[in-house]
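Readers should treat all values here as calculations from the given coordinates under stated rules, not as data from a laboratory. Model, not experiment: these values are computed from the prediction. Virtual Cβ from ideal backbone geometry, glycine too; neighbours counted across all protein chains shown.
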Protein chains: 2
Amino acid sequence: MRENGGGSRDAGERREQMLRAALDVIVERGYADTRIADVAEHTGTSPALVIYYFKTRDQLLTEAIRYSEDTWYAEYVQRIEQIPTAAGRLAELIAMNCLPGTDPEPNSYWLLWLDLWALSPRNAGVAAVRAKSDERWRETIRSIVLSGQEAGEFAPVDADDFTITLSALLDGLAVQIALEDPAVPPQRTYDLAMRFASGQLGFDAKPVPKRARKRGS
Amino acid sequence: MRENGGGSRDAGERREQMLRAALDVIVERGYADTRIADVAEHTGTSPALVIYYFKTRDQLLTEAIRYSEDTWYAEYVQRIEQIPTAAGRLAELIAMNCLPGTDPEPNSYWLLWLDLWALSPRNAGVAAVRAKSDERWRETIRSIVLSGQEAGEFAPVDADDFTITLSALLDGLAVQIALEDPAVPPQRTYDLAMRFASGQLGFDAKPVPKRARKRGS
DNA sequence: GCTTCTAGACTGAATGTTCAGTCAACTTTC
DNA sequence: GAAAGTTGACTGAACATTCAGTCTAGAAGC
């Protein structure tokens, strides 16, 4: 049936294909209702093959979430690295958290976070992914703040306090974005987060953000 | 087998008993893994009886979550009503969001919120509960701000902006509390939220909060 | 005796996972 | 360089279990 009956097929490629399919399904139906049959269908294969690559459903889904988080972070790093000012980097970070790109499925990351949080209390693997992701994110904010203060761009507030507060604020706004609360449209979350950050750190809130074009320059 | 084989038993009492049992189970195992049999066991009855009272599992669980949100809000109202100053009311509101009581299961509400958020995108009933709860909560904050400004306690910031920002901040902090992130202990979330609020509204952050004793003055 | 409760046995549909074996490519052996 | 052997990707058909929801019958109250 396959044009490539057996034997070949790049190994890791299949895995990634399945991880991406799993993410699609999780976003569409939620973690709990994601069946391995769905993932198989999305990849044009059989359930048996899915567990051939991932021993269990849970491993597949956990790995998919980790994959997503890593991808997201990598994209952030890529976007940020040529921005010279700390204020600019912070603005980009906030934009990534608040402004959904015009992507295939727009709210994917946000929805994923909701599942990630809800799963963490009872799923050690998922909890580990979240803990790492959260820590990485906070460290990122912290280092922007410190570098901005060193450069004299930012006021000398306590970096840890600011970091925790901003990341919590962004998480909370992410909930509103994911749930598409009509009272809190994405652009507004960006404005509010920026106002908070610029107010605390004492820099001028830049004009409008140039909207995110996904990967590719 | 039951000392009360059939017949009597206050009607609504059984329902509430089941709702509370459902909440216990949801907190313990998560919404997705909450089975009718668990709820039956917690109430010392049979699965069939649970279905007798709630037509479907989904109805039971949705109603349980609504029940929890209403209870939580009612408790807030009760605590707040004799506090004279707007600053005091705001502090109590923040305390309720940030400081887990020394209750039976400490983090129950927070964990419930995570499930509530994760469920909302794909479950209309749950989404309605959340929307209402969120709206009610924001309206509460807004009215505290407005009354505080009228009384001259608070600076004349934009009430809507402040409300959305604070409620998002509290949601984000709730995630950290629910997940028991070691970097963000509950007391710290309270301090940070209070610092934000007092900074924005320009009132003195009161000393330590008298810790929450649950219901009963 | 009619209504309200209640339990136990049961059913039907999913659905994760296993398993035996197929199929093509590569490697070894002669 | 071909036959024989080996390996890794892959599948279809079972298997086993889990669970929401039903059905029947019986007990309690009016």
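With a Förster radius of 22 Å, plug the Cβ-Cβ distance of A:Asp33 and B:Arg29 into 1/(1 + (r/R0)^6) and report the FRET value to the nearest 0.05.
Numbers: r = 16 Å, r/R0 = 0.74.
Approximately 0.85, to the nearest 0.05.
Label A:Glu41 and A:Arg122 with points 7 Å out from Cα along Cα→Cβ: what is the distance between them in nm?
Roughly 2.5 nm, to one decimal.
Using the Cα gyration tensor of region A:9-104, with a ≥ b ≥ c the square roots of its eigenvalues, what is the shape: rounded (a/c below 1.5), prolate (a/b larger than b/c) or oblate (neither)? Write down the numbers at each step before the final one.
On the way: a/c = 3.06, a/b = 2.27, b/c = 1.35.
Judged from the Cα gyration tensor, region A:9-104 comes out prolate (a/c at least 1.5, a/b above b/c).
So if I average 1/r over every pair of distinct C-alpha atoms in region A:11-201 and take the inverse, what Kirkwood radius in Å does that give? Please report the intermediate quantities before stating the final value.
On the way: mean 1/r = 0.0561 Å⁻¹.
Computed over region A:11-201, the radius equals 17.8 Å.
Between beta-carbons, use under 11 Å as the cut-off and find the net charge around A:Arg122, counting Lys and Arg +1, Asp and Glu -1.
On the way: positive: B:Arg29; negative: B:Glu28, B:Asp33, B:Asp115.
Once positives and negatives cancel, what remains is -2.
Please report, ordered by residue number, every helix of chain A (full DSSP H runs) that is 15 Å or longer along its axis going by C-alpha atoms and whose mean Kyte-Doolittle hydropathy reaches 0.5.
Working: long enough: A:11-29 (27 Å, -0.43); A:57-80 (35 Å, -0.86); A:86-98 (18 Å, 0.91); A:108-119 (16 Å, 1.04); A:124-150 (38 Å, -0.43); A:159-178 (28 Å, 1.09); A:186-201 (22 Å, -0.53).
Helices passing the filter in chain A: A:86-98, A:108-119, A:159-178.
Using the beta-carbon distance between B:Asp70 and B:Leu146 and R0 = 35 Å, what value does 1/(1 + (r/R0)^6) give for FRET efficiency, to the nearest 0.05?
Numbers: r = 24 Å, r/R0 = 0.69.
The value I calculate is 0.90.
Using the basic label-point model (7 angstrom from Cα toward the beta carbon), what is the A:Gln59 to B:Gln187 distance in nanometres?
So the two model labels end up 4.3 nm from each other.
May I have the pair-distance distribution P(r) for region B:81-193, computed from all Cα-Cα distances with 5 Å bins from 0 and rounded to whole percent?
For region B:81-193, the pair-distance distribution reads 2, 11, 19, 21, 20, 14, 9, 3, 0.
State whether the protein assembly as shown is rounded, prolate or oblate according to the following rule on the C-alpha gyration tensor (a ≥ b ≥ c being the square roots of its eigenvalues): a/c under 1.5 gives rounded; otherwise a/b larger than b/c gives prolate, and the remaining case gives oblate. List each step's numbers first, then the result.
Details: a/c = 2.20, a/b = 1.02, b/c = 2.15.
Oblate is the answer for the protein assembly as shown, as a/c is 1.5 or above yet b/c matches or exceeds a/b.
Suppose you put the label 7 Å out from Cα in the Cβ direction; list, shortest first and in nm with one decimal, how far A:Arg122 is from each other copy's label.
1.5
Provide the FRET efficiency to the nearest 0.05 for the B:Glu180-B:Tyr52 pair, computing r from the beta carbons and using R0 = 60 Å.
On the way: r = 38 Å, r/R0 = 0.63.
After rounding to 0.05, the efficiency reads 0.95.
Please report, for B:Gly44, the nm distances (one decimal) from its label point, 7 Å out from Cα along the beta-carbon direction, to the equivalent points in the remaining copies, shortest first.
Distances between equivalent label points, in nm: 6.0.
Summing +1 for each Lys or Arg and -1 for each Asp or Glu, what net charge is found among the other residues whose Cβ lies under 10 Å from the Cβ of B:Ile83? Mind showing how you got there, number by number?
On the way: positive: B:Arg79, B:Arg89; negative: B:Glu81, B:Glu92.
Within the 10 Å Cβ shell, the charges total 0.
Could you give the longest part of chain B that holds none of the GluC sites (Glu not before Pro) found in DSSP loops with at most 11 neighbouring Cβ atoms within 10 Å?
Values: sites that count: B:Glu3, B:Glu81.
With a cap of 11 other Cβ atoms within 10 Å, the longest stretch comes to B:82-217.
Counting only helical runs of four or more DSSP H residues, what would the 222 nm mean residue ellipticity of chain A come to if each run contributes -39,500 (n - 2.57) and the total is spread over all its residues?
Working: 9 runs with 145 residues, N = 217.
Theoretical 222 nm ellipticity from helices: -22000 deg cm²/dmol.
In whole angstrom, note down how far apart the Cα centers of region A:72-90 and region B:54-116 are.
Computed from Cα coordinates, the inter-centre distance equals 38 Å.
Quick check: the distance between the Cα centres of region A:125-170 and region B:130-191, to the nearest angstrom?
Using only Cα atoms, the two centres lie 21 Å from each other.
Give, in nm to one decimal, the length gained when the segment between A:Leu99 and A:Gln78 is fully stretched (0.36 nm per residue of separation minus the Cα-Cα distance). Numbers along the way, then the final one.
Details: separation 21, 0.36 × 21 = 7.56 nm, distance 1.70 nm.
Residue separation times 0.36 nm, minus the Cα-Cα distance, leaves 5.9 nm.
Relative contact order for region B:64-201: what percent, with Cα pairs under 8 Å and sequence separation of 6 or more?
On the way: 99 pairs, mean separation 43.5, N = 138.
It comes to 31 percent, rounded to a whole number.
Which of the three applies to region B:63-125, rounded, prolate or oblate, going by the alpha-carbon gyration tensor with a ≥ b ≥ c and a/c under 1.5 meaning rounded? Could the numbers behind the result be given before it?
Details: a/c = 2.25, a/b = 1.86, b/c = 1.21.
Prolate, since a/c reaches 1.5 and a/b exceeds b/c.
What are the label-to-label distances in nm, one decimal and shortest first, from B:Ile80 to the same spot in the other copies, with labels 7 Å along Cα to Cβ?
3.7
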